[in-house]
Amino acid sequence: MRYILACFFVLFAVCSSFSQDTFTISGTVKDASDGEALIGVNVYAREQKVGVSTNVYGFYSITLPKGTHTLVISYLGYHRVEKVVELNANTPMNLELKEEGNLLDEVIVKAEREDHNVKSVEMSVNKVEMRTIKKMPALLGEIDVIRSIQFLPGVSSVGEGSSGFNVRGGAIDQNLVLLDEAPVYNSSHLMGFFSIFNPDVVKDVKLIKGGIPSVYGGRVSSILDVRMKEGNSKKMEFSGGIGTIFSRLTLEGPIVKEKGSFVVALRRSYIDLLAKPLLKDDLKGVKFYFYDFTAKANYKINDKNTVYLSGYFGRDLFGADFGFDWGNATTTFRWNHVFSNKLFLNTTLFYSNYDYSLDSDLKKENKEDVFRWNSNILNYSIKPDFTWYLNTRNTITFGGQSILYNFNPGSALVVSGGEGKNIGLNSKKALESAVYIGNEQKITDNVTINYGLRYSFYDYFGARLAYIFDETTPPGERKPLLDTVTYAGNQSISRYGYLEPRLAVNISLNRNTSLKIGYNRLAQYIHLLSNTTASSPLDVWTPSSNNIKPQLSDQLAIGVFRNFRDNMYESSVEVYYKTLQNQIDYIRNADLLLNPYVEGDLMYGKGRAYGAEFFVKKNKGSLNGWISYTLSRTERKVNGLNNNEWFLSRIDKMHNLSVVTIYDISKKWNIGATFTFMTGTPASFPTTKYIWQGVAIPHNYSDERNTYRIPASHRLDLSATKKNKHALFGRGESEWVFSVYNVYNRRNPFSVYVRQNPDDPSKTEAVRYSVFASVLPSITYNFKF
């Protein structure tokens, strides 16, 4: 804490030197049609050649000398506003912007000032507007946030149908996925085919891959910050969609006009209902569907106080004779308070729960032999964030966060012959806290830096047993238990703390070109235990402990950003190098489920990831889109594996090419196309085999890991959207969306594995498994009135 306070006073002393006879203009910027706060609007003082951007709540503050100023308020896709202000006192100024009618049908990839990518100090950051995502081809016509960001540079997945995503060589648990600031631990429905984010209530999607500001922490790879709409504060609006496998309904409107609003949205898949008439015998009664409910409300108490309440509740169900279900639940309460025209506070309280359960016998009336299993991870948090608009050259952020974790690795009921027994593992508790400070400072007209420091502190505490394992065990073998230690309630078992410096630099080379440098250190105190290629809902989250150390990462990135033809085209080239410490791996035949001694089956090593990302995007005109290409390498080194040498990570993909094209043919029709090409993931295969009693037994003689690679994946998707003049009952608006997924019927490999030949057990064969092996057409009808 003393480090943060020292930095704060140094910043105050340095920045106060900029003070003079100045006054401040502050307020919010909203959409004139529905009252939604606009994020990233540029407020620029022409004479002073300085500007600021609105924060995630639409708030801005700009301090200028006494006198006459021309303010230019601009936001891509909206009419630009110019206001002449005679400034002789602090002035509140709330603004509303109107969408440009001639741009409503154009794609907006990033709704900010046109040269934001060059002028902003941010690097390794991608924003994709929902109106862009809605025009991209989608699986079975269903818009998906997670699938959309996988077309961005540095982002990949292990294969089609896998849950989560990987960023710059990080595992899926190394991404902090936030929905209105609450963490989401499984962002997928239907085993990874769709994401949990309902596109009808998502306002903003921001992916941060590097140069991560000090306000963020808790994961070592990336931040996916998803913000929900506030709801239409001016009129009631009803919208939805009827698709191939699920439908959506959304209702939004004012609580008190111009003061408060709400939005509620519901989705449910109905593939189980469509298939029900076709299911017979043992398959009759099979359940496989998901649903989710998303809601948000806000109310402006007065000019200085606004409160928000939002929540998400979703679940997947799958089963026949057995039941399997999982889901997320989050609730976020936020209070915005404006202390003055220069000091803004947002305080967040959130609750997040991810749980899953198994029930072995759903159909049996006499449940004499039953197995039921439940597991969950529960979070509570408080997070105050201050923004101090000191002057036009310094914007200081500071605050803190505390998160209380409660892990239930697994509790189970086993009934055999009518006699039941409770088995399972004791819950685990931990407290993660952090304080931070950062400053975005304009050093000169050509140099801007964002520097900060975060200190995170972690406490793993009882009441529970702590296990002591034999650390002298040869690498690769199960560690035997030496002793157990009993800790009382709230007694600390192990503690960790780390300083996490952050830095981002923007050096303007000329009007259209800038050089950016970013560095960040990140600490992560929770871990996902999974020894499969793709994550599954059954994977177990576990905290750092006396045996499991926190993960650490250090990343350095350098990039050149350049725009062409009056910002019609933007481009960037970034190179990065990331190191990771305390990476978890597993001994052979590791037992991860309901194992109280699971820490004895874990191995630890280090990782590195490096690469180059190329990005070209067209922002204006009827033809829009982007091309991204990533050349990268991701490696691990674990003592006891691969002869103690570096080996390719299971998520390594050397080449990753994505092309997104959207063309507005007319005001009624637009078409979209996406193409992807990705190198296959590494794999380990047997090098020899033994024949025992006529049966082939595969064996890896050299004990090398991931020396082979499965075939590459590539796919073309197409879509066409037709806008109608009216929606239901001759009111509102509607559209038909026609999509074709996997146009040329590519059978992309999800995995390749070796098995015995079913016709001749003395032989082995490689089997290629594909999730999608056919063309998938779909039709969706969307409406709003």
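Here are some notes:
- Nearest-20 debye value, the chain charge dipole, Cβ charges on Lys, Arg, Asp, Glu: 1500
- Stretching Phe333 away from Arg608 to a fully extended chain increases their span by 95.2 nm, per 0.36 nm per residue minus the current alpha-carbon distance.
- Rounded to the nearest 10 Å², the accessible area of Thr28 at probe 1.4 Å: 40
- Around Arg608: net Lys/Arg minus Asp/Glu count, Cβ-Cβ under 12 Å: +3
- Atom-type composition of the exposed protein surface of the chain places 57 percent of the accessible area on carbon and sulfur (1.4 angstrom probe).
- ³J(HN,Hα) computed for each position of the range 434-446 - Karplus, 6.51 cos²θ - 1.76 cosθ + 1.60, integer Hz, glycine/proline x: 7, 10, 8, 8, x, 9, 9, 10, 8, 5, 9, 5, 10
- Leu631 - accessible surface, heavy atoms, 1.4 Å probe, Å² rounded to 10: 70
- Given their separation in residues at 0.36 nm each and the Cα-Cα distance between them, Val56 and Val754 gain 246.2 nm when the chain is fully extended.
- Gyration tensor verdict on the chain (Cα atoms; rounded if a/c is under 1.5, prolate if a/b is larger than b/c, oblate otherwise): prolate
- Projecting the Cα atoms of Ser762, Thr392, Tyr576 onto the charge dipole of the chain, computed from C-beta unit charges around the Cα centre, puts Thr392 farthest toward the positive end.
- The range 531-614: relative contact order in percent, alpha carbon pairs under 8 Å with at least 6 residues between: 29
- Taking each DSSP H run with n ≥ 4 as -39500 (n - 2.57) and averaging over every residue of the chain yields -1000 deg cm²/dmol at 222 nm.
- Other residues lying with their Cβ under 9 Å from the Cβ of Leu71 contribute a combined charge of +1, Lys and Arg counting +1, Asp and Glu -1.
- Sequence-distant residues sharing a close amide H with Ala138 (under 5 Å, placed H): none
- Efficiency of FRET from Cβ geometry, Thr347 and Gln48, R₀ 30 Å, rounded to 0.05: 0.40
- Rounded tilt (10° steps) of 2-15 against the dominant C-alpha axis of the chain: 20
- The residues packed around Arg454, meaning those with a beta-carbon under 11 Å from its beta-carbon, carry a net charge of +1 if Lys and Arg are +1 and Asp and Glu are -1.
- Listed by chain and number, the lysines whose alpha-carbon sits under 28 Å from that of Lys763, ignoring those within fewer than 8 places in the same chain, are Lys689.
- Set Lys209/Lys479; Lys234/Lys722; Lys127/Lys653; Lys134/Lys287; Lys66/Lys234 screened for pairs whose C-alpha atoms are more than 31 Å apart: Lys209/Lys479; Lys66/Lys234
- Under 5 Å, built H, 5+ apart or other chain: amide partners of Ser494: Tyr460
- Solvent-accessible area per residue, Å², over the chain with all protein chains present [probe radius 1.4 Å]: 42
- Cα-based reach from Lys429 at 21 Å (exclusive), listing lysines while leaving out same-chain residues under 8 positions away: Lys383, Lys549
- Normalised by 2.2 N^0.38 Å, with N the number of residues, the alpha-carbon radius of gyration of the range 197-256 equals 1.55.
- Taking all protein chains together and a 1.4 Å probe, the residues Glu100, Glu500 rank Glu100, Glu500 from largest to smallest accessible area.
- Ranked by how many other beta carbons lie within 10 Å on average, peptides 207-216, 744-753, 535-544 from highest: 207-216, 535-544, 744-753
- Dipole in debye (nearest 20) - the range 125-225, about Cα centre, beta carbon charges: Lys, Arg +1; Asp, Glu -1: 320
- For Arg562, solvent-accessible area (1.4 Å; no DNA, RNA or ligand), Å²: 90
- Evaluated over the range 125-225, the Cα radius of gyration and Dmax, each in Å: 12.7, 39
- Per the Debye calculation on the range 421-477 with a single equal scatterer at every Cα and no solvent contribution, log₁₀ I(q)/I(0) for q = 0.13, 0.15, 0.16 Å⁻¹ amounts to -0.70, -0.77, -0.80.
- Of all lysines in the structure, those lying under 21 Å Cα to Cα from Lys235, and not within fewer than 8 positions of it along the same chain, are Lys30, Lys98, Lys203, Lys257, Lys259, Lys296, Lys300, Lys725, Lys784.
- Ordered from highest to lowest accessible area with the whole protein assembly present and a 1.4 Å probe, Lys653, Lys287 read as Lys287, Lys653.
- Amide H contacts of Asn724: Ser734, Glu735, Trp736, each under 5 Å away and 5 or more positions distant or on a separate chain (H built 1.01 Å from N in the peptide plane; Pro and chain starts excluded).
- Toward the positive end of the charge dipole of the chain, with +1 on the Cβ of Lys and Arg and -1 on the Cβ of Asp and Glu, the farthest Cα among His116, Ala612, Ser739 is that of His116.
- Order by protection proxy (mean Cβ within 10 Å, highest first), peptides 579-586, 192-199: 192-199, 579-586
The values are calculated or read from the model by the stated rules, or taken from the named source; none is laboratory data. Note that the coordinates shown come from a computational prediction; the quantities given were computed from them, not determined experimentally. Note that we place each Cβ from the backbone using ideal geometry, even for glycine, and neighbour counts take in every protein chain shown. The protein model used for the area step is the full one, side chains on, heavy atoms only, and it has no ligands, DNA or RNA in it. Shrake-Rupley method; radii C 1.70, N 1.55, O 1.52, S 1.80 Å.
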